[in-house]
1. Hey, residue 69 hits all of (1) closer than 20 Å to residue 27 by Cβ; (2) modelled with pLDDT of 90 or more but one; which does it fall short on?
2. Condition test on residue 18, is it loosely packed, with under 13 Cβ neighbours inside 10 Å and assigned to a helix (DSSP H, G or I)?
3. Here is a list of conditions, (1) surrounded by 12 or more Cβ atoms within 10 Å (Cβ to Cβ); (2) in a strand (DSSP E or B); (3) modelled with pLDDT under 95, and residue 98 meets all of them except one; can you say which number that is?
4. Residue by residue through the range 59-71, note down the ones that are free of Cβ contacts under 8 Å to residues at least 24 places away in the same chain and assigned to a helix (DSSP H, G or I).
5. For the range 101-128, how many residues meet the condition of being part of a loop (DSSP other than H, G, I, E, B) and either more than 24 Å from the chain's Cα centre (by Cα) or over 12 Å from residue 46 (Cα atoms) (or both)?
6. Which residue pairs have Cβ atoms closer than 9 Å, lie 6 or more positions apart in sequence or on different chains, and pair a first residue in the range 126-147 that is on the phi > 0 side of the Ramachandran plot and surrounded by 10 or more Cβ atoms within 10 Å (Cβ to Cβ) with a second residue that is modelled with pLDDT under 90 and assigned to a helix (DSSP H, G or I)?
7. Take residue 49 and tell me if it is farther than 24 Å from residue 121 by Cβ and surrounded by 13 or more Cβ atoms within 10 Å (Cβ to Cβ).
8. Looking only at the range 1-21, filter to residues that are modelled with pLDDT of 85 or more and touching a helix residue (DSSP H, G or I) at 6+ places or on another chain (Cβ under 8 Å); which one of those is farthest from residue 134 (Cα to Cα)?
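The values are calculated or read from the model by the stated rules, or taken from the named source; none is laboratory data. Since this is a predicted model, take the numbers as computed values, not measurements. Cβ placement follows ideal geometry from the backbone for every residue including glycine, while neighbour counts extend to all protein chains displayed.
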């Protein structure tokens, strides 16, 4: 594995370009939302619940890198909007489990469709060689996103 902290100027430039372009693309993607009333953090929590199925507020706080009291407020807001429900924990009566509602699932799916359509429109501006490179880079970017 390359040590980029002592890499070449080309490596440093590539890391800088990757950071900058990923951040810019992420900001632009965040504007392609179906429900403008939800914060990016609320959308992220719903996405996490989509991936894991259910979680306690404490587990969600760890996964989202927020403090537990903040997650409690986020869950309460999502519950008030009908996007999550709290259920008894199967093993610990003192805890609750947060689950997504069907409304949240439908909203996330519509949001995903909208964002994918927007990205597909952008990709139409790529030539075949650029599109092939992007397809090849997608698994690498996915790996970086989950390290």
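1. Only one criterion in (1) closer than 20 Å to residue 27 by Cβ; (2) modelled with pLDDT of 90 or more is unmet by residue 69, namely (1).
2. Against the criterion (loosely packed, with under 13 Cβ neighbours inside 10 Å and assigned to a helix (DSSP H, G or I)), residue 18 does not qualify.
3. Condition (3) is where residue 98 drops out.
4. Of the range 59-71, the ones free of Cβ contacts under 8 Å to residues at least 24 places away in the same chain are 59, 61-65, 67-70.
Scanning the range 59-71 gives 59, 61, 62, 63, 64, 68, 69, 70.
5. Summing the residues that are part of a loop (DSSP other than H, G, I, E, B) and either more than 24 Å from the chain's Cα centre (by Cα) or over 12 Å from residue 46 (Cα atoms) (or both) in the range 101-128 gives 4.
6. Between residues of the range 126-147 that are on the phi > 0 side of the Ramachandran plot and surrounded by 10 or more Cβ atoms within 10 Å (Cβ to Cβ) and residues that are modelled with pLDDT under 90 and assigned to a helix (DSSP H, G or I), there is no close pair.
7. Values: farther than 24 Å from residue 121 by Cβ: yes; surrounded by 13 or more Cβ atoms within 10 Å (Cβ to Cβ): yes.
Yes, satisfied.
8. Per the criteria, the residue is 12.
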